[in-house]
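Below is a structure I'd like to ask you about.
Each reported figure results from applying straightforward, stated rules to the coordinates on display, with no laboratory input. All values reported here derive from a predicted model rather than from experimental measurement. When we count neighbours, we look across all protein chains shown, and the Cβ atoms used for this are built from the backbone with ideal geometry, even at glycine.
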Amino acid sequence: MTLALRQGDEAFLSALRSFSQFGAPTQVVTEEGLAYYVNEFWTAGQRRGHSLHEVSYRACFKPQLPQFFIDRLTRPGDNVYDPFMGRGTTPLQAALQGRRGSGSDSNPLSAMLTRPRLQPPTLVEIAERLAQAPLKDASTEIERDDLLVFYHPDTLRQICALRAWLIWRASLDAAPDAVDDWIRMIALNRLTGHSPGFFSVYTLPPNQAVTVKAQMKINARRAQSPPPRDVAALILKKSLALLADGAPPPMSGARLAVADATRLDHLENACVDLVVTSPPFLDVVNYRADNWLRNWFAGVDAESIVISQLRDIGAWTRMTRAVFEELARVVRPGGHVAYEVGEVRGGGVLLERLVWEALEGLPFERLCVLVNRQRFTKTSNCWGVANNSGGVNSNRVIIARRWN
Ligand SMILES: C[S@@+](CC[C@H](N)C(=O)[O-])C[C@H]1O[C@@H](n2cnc3c(N)ncnc32)[C@H](O)[C@@H]1O
């Protein structure tokens, strides 16, 4: 496919003008009216992100993705928002770059994972608070003995004690306590995993808790039983690792919320300068099932949450349009949206085309689809646009600008 400039292809020409600073050599291709910009814009060759990002979450993006757009499309103090924030990669990266990092997610877990890392406590504060927690109280009742499939009884007793203590303390104050918040966030991330750094016996990586039944099978296959762990020591160790690169600069005016991405009622009109986000890709990830243990620990009633997991392409496109209708209200004139979609159904469905279609008639200029290719190959499938096969791993980001 070669670059084809057609007369009247305004979106394409505009994208060319607006995004030519995004790196060279950038390959540009139009396919079915969409302007694709293909390059290795970020990731390879760059150092890892800030240590505070090192919290696992299903289908999270790398911090280099929001960083790329924050660098180019905002100034210090601008409001950067993510309506599907997950572990909070966008708000945290925005805060680290001196912007107001804000966001929402329909799962309350998301704010619990994000908020503490925007203004972390010190290691001393964390250690002192852990010393106050009744973790070693041998009289603590084990309220879910099915969880013994993951945990040694002593460990589960510590987890139950910490859980009850955090839920009780959260009920005392309207405003979250920053140190409790941090400890909860770390505990959520240490619940299960595949190394002795986690509270559990060997299981899947921490962003995906298997069912009790599946864990029984893993235990039988590996002839393993849960070893005892020191919960406070593991929380402290992970805290040390997360805080290794320091804290974001102090920031005011950032807001996190629990909200459906189609109803951002907590945001006033035209208050956002840049959105960097990534929605659920059809029904590829089951966020409810994968987070069941985290939801239990956090006291979140998962059944009451709206989580979009849409197999039907038409329903997904309608959801996308509803999200953009709301973004049209909250993004300021001239502000941008970077909407990342991934590969689904072996490349049989191109989500960026559905997003492009969903934007039709809304007050956004559709600038281009930026394709970040993580491995460049000179084989015949050199664009990796229409066909995702051939080992090419790409992020596709639809970039739209709110009309003035
Ligand atoms: C692809 S993940 C986002 C990951 C995020 N970019 C990160 O780096 O962690 C999609 C997120 O959308 C959330 N979600 C699903 N349906 C939603 C809805 N209708 N409104 C808001 N959030 C929703 C899920 O809970 C999940 O956290």
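Can you sort 273, 154 from fewest to most other Cβ atoms within 10 Å of each residue's own Cβ?
Neighbour counts put them in this order, fewest first: 154, 273.
Among 90, 317, which comes first, second and so on when ranked by fewest other beta-carbon atoms within 10 Å?
317, 90
What ranking do 125, 326, 143 get, fewest neighbouring Cβ atoms within 10 angstrom at the top?
143, 125, 326
Suppose a student asked you for the relative contact order of region 275-318, using Cα pairs under 8 Å spaced at least 6 residues apart; what percent would you report?
52
Assuming a ≥ b ≥ c are the square roots of the Cα gyration tensor eigenvalues, decide whether region 154-201 counts as rounded (a/c under 1.5), prolate (otherwise, with a/b larger than b/c) or oblate.
oblate
Further question on the same structure: If every alpha-carbon in region 114-272 counts as one equal scatterer, what log10 I(q)/I(0) does Debye give at q = 0.08, 0.10 1/Å?
Debye curve over Cα of region 114-272, log10 I(q)/I(0) at q = 0.08, 0.10 Å⁻¹: -0.29, -0.45.
Just grab the label-to-label distance for residue 258 and residue 325, each label 7 Å out from Cα along the Cβ direction, in nm (one decimal).
2.5
Shape verdict for the chain, please, from the Cα gyration tensor: rounded (a/c under 1.5), prolate (a/b greater than b/c) or oblate.
Note, shape of the chain comes out prolate.
Pick out which of 159, 142, 235 has the largest mean-square fluctuation in a Gaussian network model of the chain, springs linking Cα atoms closer than 10 Å.
142
Going through the DSSP H helices of the chain, which span 20 Å or more along their own axis at the Cα atoms while scoring at least 0.0 as a mean Kyte-Doolittle hydropathy?
153-170, 313-330
Could you work out how far apart the two model spin labels at residue 31 and residue 404 are, taking each label as a point 7 Å from the Cα in the direction of the beta carbon, and quote it in nm?
Each label point is offset 7 Å from its Cα along the Cβ direction, giving 3.3 nm.
Roughly what % of DSSP beta bridges within the chain run antiparallel, to the nearest 5?
About 50 percent, rounded to the nearest 5.
If you look for lysine pairs in the chain that are eight or more places apart or on different chains, how many of them have Cα atoms under 25 Å apart?
Count of close lysine pairs: 4.
With a ≥ b ≥ c taken as the square roots of the eigenvalues of the C-alpha gyration tensor of region 237-356, please select rounded if a/c is under 1.5 and otherwise prolate if a/b is larger than b/c or oblate if it is not?
Because a/c hits 1.5 or more and a/b fails to exceed b/c, region 237-356 counts as oblate.
Using only C-alpha positions, report the orientation-averaged shadow area of the convex hull of region 71-157, nm², one decimal.
8.3
Using +1 at the Cβ of each Lys and Arg and -1 at the Cβ of each Asp and Glu in the chain, identify which of 279, 297, 60 lies farthest towards the dipole's positive end.
Ranked along the dipole, the leading option is 60.
Using helices alone, what [θ] at 222 nm do you get for the chain, with -39,500 (n - 2.57) per DSSP H run of 4 or more residues, divided over all residues and rounded to the nearest 500?
One gets -10500 deg cm²/dmol as the mean residue ellipticity at 222 nm.
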